[in-house]
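Notes for the one structure printed next.
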Amino acid sequence: MSRTRLGKVLKNACMRAERTGAPLAVMLFSIDRFRLINHRFGYAFGNRVLRRVCRTASKALGHAAVVGRWGNDEFLCILSDCNMRQARACAKTLNEAIAGLLIAADNHVVNVTVSIGLAGAPQDGTAPQDILNAADEALYEAKRGGRERIVATDALEQRIFRMGAILEVALREDRIVPAYQPIVDLRTEAPVAEEALARIVTADGLVLTADEFMEAAGQFRLTYKIDWMILLAALRRRQKCDDNLVHFVNISGDLLRHPRMLMDLLISTKTSFLSAEATDVKPLVIEVTERELLENMDLTRERLAPFVDFGVQLALDDFGSGYSSFQYLADLPVSYLKIDGRLISRIQEPRVLSIVRGIHAVAADLGITTLAEYVETPRQVDLLRGVGIDWAQGHHFGLALLDQSVADHRRAMSINWADGYYGRKDLGLPQP
């Protein structure tokens, strides 16, 4: 069934559920590591896998379910008159049926698994888009946690509250620390910059990435505190490092709504560059996403103006996602344009390659440096280099790494915080 027909079926099912009060469940599932299957066996075999998965899902779930391809490696299943307990049972049946698939490929046999996100009406809303958004969040959590997992939105809500509690304690104990990912010049692959990315170091030795806690930070309005801590840490690192690297940091719309904190950050920034002339361009880049600009362009421009006047540079992050607009490049003094990683992951597609080429051409004409995010393969490097993209970052060039001595110190301080870290703060002793 096509995406258009699936959309109509879901719309009708939502209207019926709202009218009658009957439960409705939606299952969004995705083939695990499908990109690797395509890469190793080719797109023709990948299409065969997609067809087999769809047929198997339809057969396993029976006539009560409407199943079809939703996009790329994702499938949508609509279960009318089905509550979440029943939907979980269906998801388990589906997982087991697809896990039993063995698909021949030349001299190999490929085993396929799927990850599943569950949502439903009325608990996740009554409009199709609300339910789809909830299912997409649950699917993202299922894939983030590994392969062949089932996550429902009620479990997702519990995770958000649990992560919110972890985040509150981490902020209180100063265990939000930056990890630094290298950025290279694509022509030479020499390091030219680094980006500070937020991490939580836990007392029991784990490291949580931003993907794991930023959603909770947004829900509990704590994002501005994370931005604040990471920017200050990046400034301290810049003062200690004797290098010529450009330092990238993120500022969210949440921080832009706290003018007093921004003013304190500006003072800290100026202190970090005491020896530089006021008119000099500083090796510090503030990244703002298009999403933040879309909320309030005038406020963004007003709050960032003192930084720009001092010589701090601006980067437009995630360009090519959502409601991309070249108007932002006209309205803000952007020095760097970071191309969204989802476009980079599809750079081998002719249409996407043409889009990236067009983005770079406009940026080059405006004197803006282009930077490709999430570069993972030599093939992507070759294509980006052919387009003329200036800089790049991603796992192909290096992971984001913590300053391990700082991480270990923060953990040690938090183990017995009453006599440790907070005692030192009360005594006025130096902190790392």
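Miscellaneous remarks
- Whole-angstrom Cα spans of the chain along principal axes, big to small: 73, 55, 46
- Compared with the rule-of-thumb size 2.2 N^0.38 Å for a compact globular protein, region 3-161 has a Cα radius of gyration ratio of 1.02.
- Close amide H contacts of GLY68 (hydrogens built in the peptide plane, cut-off under 5 Å, sequence separation of 5 or more or a different chain): LEU76.
- In this structure the amide hydrogen of VAL246, modeled in the peptide plane, comes within under 5 Å of the amide hydrogens of ALA193, GLU194, none closer than 5 places in sequence on its chain.
- Alpha carbon convex hull of region 170-245, volume per residue in cubic angstrom: 116
- Gaussian network model of the chain, springs between alpha carbon atoms under 10 Å - residue of LYS270, LYS143, LYS59 with greatest fluctuation: LYS59
- Unit Cα scatterers, Debye sum, region 64-146: log10 I(q)/I(0) for q = 0.21, 0.24, 0.25, 0.26 Å⁻¹: -1.10, -1.36, -1.44, -1.51
- Derived value for region 173-421: Kirkwood hydrodynamic radius 19.0 Å. Basis is the mean of 1/r over every pair of different alpha-carbon atoms.
- Longest to shortest principal axis, alpha-carbon extents of region 345-386, angstrom: 28, 18, 15
- Most fluctuating residue given options ARG346, ARG69, ARG19, as computed from a GNM of the chain linking Cα atoms under 10 Å: ARG19
- Estimated from helices alone, the mean residue ellipticity of the chain at 222 nm is -15500 deg cm²/dmol (sum of -39500 (n - 2.57) over DSSP H runs with n ≥ 4, per residue).
- At R0 = 22 Å, FRET efficiency that the Cβ-Cβ distance of ARG55 and GLN86 yields, to 0.05: 0.45
- Per residue, the convex hull volume that the Cα atoms of region 358-412 enclose (Å³): 98
- Seen against the Cα atoms of the chain and their longest principal axis, helix 223-240 is set at about 50 degrees.
- The angle between the Cα long axis of helix 404-415 and the longest principal axis of the Cα atoms of the chain comes to about 80 degrees, rounded to the nearest 10.
Just so you know, all these numbers are worked out from the coordinates, no wet-lab data involved. The model shown is predicted, which means the values in this text are computed figures rather than measured ones. Neighbour counts run over all protein chains shown; Cβ positions are idealised from the backbone, glycine included.
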